[in-house]
Amino acid sequence: MESLTCPRCGSEMAARALGGDAEVAQCPDGHGVFLSRADLGSLIEAETDWHRHAGQHTTPMPRITADMEAPPAGKTPARAWIETLFR
């Protein structure tokens, strides 16, 4: 992945490998991440596999809608595999 700068603060984003083949560029100040469409597809497939094998008590991440509120502050247990990547 080519070197990217954060659009918010201008810092150089650090490349980080996720999962198997996926790579993400992450702002060192926590302003965001960038990944290619192919890497996003790989992460979605990994998320789907995680739910398929995690058991009956897990559900896929909900779709984001305009009426949703921000999650409460504090660390909660991961509801999905992809959440564990950005902690």
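The values are calculated or read from the model by the stated rules, or taken from the named source; none is laboratory data. This structure is a prediction, so every number in the text was calculated from the model and none was measured. Here the Cβ is made from the backbone with ideal geometry for all residues, glycine too, and neighbour counts use every protein chain on show. Just so you know, the surface numbers come from the protein's heavy atoms only, side chains and all, with ligands and any DNA or RNA stripped out. Shrake-Rupley method; radii C 1.70, N 1.55, O 1.52, S 1.80 Å.
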Once all protein chains are kept in place, D49 shows an accessible area at probe 1.4 Å, nearest 10 Å², of 70 Å²
Once both label points are put 7 Å beyond Cα along the C-beta direction, the E83-A66 separation in nm becomes 2.7 nm
Under the 7 Å Cα-to-Cβ spin-label approximation, S3 and L40 lie apart by a distance in nanometres of 2.6 nm
The simple spin-label model distance between R52 and V33, using points 7 Å out along Cα→Cβ, in nm, is 2.1 nm
